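Just so you know, all these numbers are worked out from the coordinates, no wet-lab data involved. Model, not experiment: these values are computed from the prediction. Here the Cβ is made from the backbone with ideal geometry for all residues, glycine too, and neighbour counts use every protein chain on show.
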Amino acid sequence: MARANLLSSTIRLLDGPQTLGRGRPFWTSFALVLVLACAYPMFADGYDVGNNVYFFNWVFMALGLSLIWGYGGTLSFGQTAFFGVAGYSYGVISTNFGDAYGLTLVALIASVAAAALFSAVLGYFLFFGRISGVFLGIVTLSVTLVLERFMAQTAGPEWQVGTARLNGYNGMGGMPSLTIPWFGGDIVLFPDVQLYYCTLALLVACYLGLRLLVNSRFGNVLVAIRENPQRAEMLGYDIRVYQLVAFVIGSALAGLSGVLYTSWGNYITPASMGMTAAALPIVWVAVGGRSDLTTTLIGTLIVLGGFQALTIHGSQYALVVMGVLLVLTVLIAPRGLVFSLGALAGGMFRRKTAGRE
Amino acid sequence: MAILQTRDLNKWFGGLHVTGGVDFALEDGEIHCLIGPNGAGKSTLFRLFLGEHLPTSGQIFYQGEDITKAKPFERIRRGISVKFQVPGIFKALSVRQNLQIALQHHRLPEELDEEIDRLLEFLKLTDARYQLAGNLSHGQKQWLEIGMAVALRPRLLLLDEPTAGMTPDETAATGEMVQELNRDGVTVLAVEHDMAFVRQIAHRVTVLHFGKIFAQGTIDEIVSDERVAAIYLGDAHA
Ligand SMILES: Nc1ncnc2c1ncn2[C@@H]1O[C@H](COP(=O)(O)OP(=O)(O)OP(=O)(O)O)[C@@H](O)[C@H]1O
Ligand SMILES: [Mg+2]
């Protein structure tokens, strides 16, 4: 009985009002996409599959930004700062401790925790200091750029943590890939099919977990703060705490992206925190539709794919295209292109079914 | 006993003295109306009570405790609740979600749904429950915001122009609701321009003029006070 209750309330949270995709049609498509995603490695070359994990790596950061910005109403330019903190932490820890006994997984957890802790300290001063709006954007961007500058000047041999050289602007390399201890011998997650499935599973877990979160009581208050912080406070909520928690969760997801990216390519550079890098998550999330997890996810994958295609085909204008895309989104569909299309399709579907009844 | 009391409360906005040495006592269990011409400082006084503005000088006591420096959400948790002059509802969320957010803090999860439905019924918003709050009529928005304020089960309810933009029927219903809440022990302080409404609900009336308490008494005493009539001359609401 109690278990049935738990199940029904979980389903309710998964399917709640703060997420655009709802009901049977949505979950059917969701299952279909998941099946396709699972089947994909069977029809593709392992090398390509491993390379394409790259796209998944970024989505965690985008979902985190959707939580902070789209749901919480706080535009943070700091996602790549936490990406970098976690990425470098992973590099330092895993280089020093190696990849035996599942130690890379410990490094993963410790690195994400480092990003979360850093964001908690920064967020505390921001939210409890009542810094908001454009100033919060400026402060978070500054932190990102300071970190980039700092890491860029670590070229000298004195910048060494244990056995890990930070290596300045050239970036840090040679850290081990994530490794799962297994009975018949460790599974090393090289960019290959195994890494693909692991990252996919992690992505689905994060996506569903965030759906639960945004439709929970916490999520209700978070969107209330986005809509009208004063009113939310006048309902008795300490809005600073809610904003801080959302900021830490979103930043930790950026940290997870950082670790996955670093482990995937065995490489991280200060440029991953630079101006361009810091602006890109904003583009992905805004173009998709920041106020919804699903549109953020779809938008991020589409924009990343498009960006990749442009760069591969030798266009030097990929970044310009990104800029234009952002401007167009803001002008034509301020809530996001995927979001607007989704709302349109949803409306049409509802009208169709309504006509049938 | 006074549930809310101020001592020599002052608020300056730059060179503007918006609250001028107010000594005000709100008795526990009364319905008190605050009237005064536009710009008299009524809403500012509310914001001082709520902690949204901090006074330049003076003190505020709630149930005998000094709350002058308390944060707004702390005051709300102690039992103060407010309906703002401009409805502060969550426009992009559904009516139901608006009420849920107001209610969830004070209710167990298992009674929440039932409670939301009751409140929807009470506010006559059941049919509009899945509409976005921003698409409601002005009167309905007022209702919703009053509903959210009431949902907190306050001991002290502050209403800033609750009936503005309402039809006469809605106004009368609001009056009845306020009286019913009051019978259940809620103290009410309402800013109102509609004198018929004030007459319907108020036990006592305070007139605010240029940020100072100008007169205080029953509605009959206030209406027959020539000085009060004088400050309202030329004011459309008189
Ligand atoms: N934040 C502020 N900064 C500067 N001046 C302010 C501020 N808030 C209010 N005022 C000024 O204080 C005075 C009183 O405003 P208040 O809103 O309290 O009046 P009110 O009695 O509620 O008027 P109304 O009946 O029009 O609602 C006005 O002259 C207003 O312009
Ligand atoms: Mg006012």
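Values computed for the structure shown
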read-out	value
Sequence-distant residues sharing a close amide H with B:Val191 (under 5 Å, placed H)	B:Leu34, B:Leu159, B:Asp160, B:Glu161
Under Karplus coefficients 6.51, -1.76 and 1.60, residue-wise ³J(HN,Hα) of segment A:11-17 in Hz, glycine/proline x	4, 4, 5, 5, 10, x, x
Semi-axis lengths (Å, descending) of the ellipsoid that matches the C-alpha gyration tensor of segment A:67-273	33, 22, 12
Mean projected area (nm²) of the alpha-carbon convex hull when segment A:114-195 is viewed from all directions	8.9 nm²
Mean shadow area of segment B:80-153 over all directions, Cα convex hull, nm²	4.5 nm²
222 nm mean residue ellipticity, helices alone, for chain B (DSSP H n ≥ 4; -39,500 (n - 2.57); rounded to 500)	-10500 deg cm²/dmol
Debye intensity ratio in log₁₀ form over the Cα atoms of segment A:74-170, taken at each q of 0.12, 0.21 Å⁻¹	-0.45, -1.04
Radius of gyration and Dmax over the Cα atoms of chain B, both given in Å	17.8, 56
Calculated FRET value between B:Glu74 and A:Val121, using beta carbons and R₀ = 22 Å, to 0.05	0.35
Residue-averaged [θ]222 nm for chain A, counting only DSSP H segments that reach four residues, each worth -39500 (n - 2.57)	-24000 deg cm²/dmol
Relative frequency of Cα-Cα separations exceeding 25 Å in segment A:230-357, percent	44 percent
Stokes-Einstein D in µm²/s, Kirkwood radius over Cα pairs - segment B:111-161 at 4 °C with 1.567 mPa s viscosity	111 µm²/s
Of every Cα-Cα pair in segment B:98-233, the percent that sits beyond 25 Å	34 percent
Separation of the B:Val223 and A:Arg130 label points, Cα + 7 Å toward Cβ, nm	4.2 nm
Percent of beta bridges antiparallel (DSSP, the protein assembly as shown, rounded to nearest 5)	60 percent
10 Å-binned pair-distance histogram of chain A (Cα, whole percent)	5, 23, 33, 26, 10, 2, 0, 0
Label-point gap, in nm, between A:Asp186 and B:Arg118 - each point 7 angstrom along Cα→Cβ	6.0 nm
Cα→Cβ-extended label distance, 7 Å offset, between B:Glu176 and A:Asp45, nm	7.8 nm
Volume per residue of the C-alpha convex hull in the protein assembly as shown, rounded to whole Å³	210 Å³
Cα-based convex hull volume of segment A:49-125 per residue, rounded to whole Å³	106 Å³
Whole-angstrom gap from segment B:1-35 to segment B:188-215, using each part's C-alpha centre	12 Å
Relative contact order for segment A:148-210, counting Cα pairs under 8 Å that sit 6 or more residues apart, in percent	18 percent
Cβ-derived FRET efficiency at R0 35 Å, A:Val204 paired with A:Phe150, nearest 0.05	0.50
Percent of beta bridges antiparallel (DSSP, chain B, rounded to nearest 5)	55 percent
Leading residue at positive end of dipole, the protein assembly as shown (Cβ point charges), from A:Gly250, B:Thr126, A:Thr28	A:Thr28
FRET efficiency, A:Ser29 to A:Val161 (Cβ-Cβ, R0 45 Å, nearest 0.05)	0.45
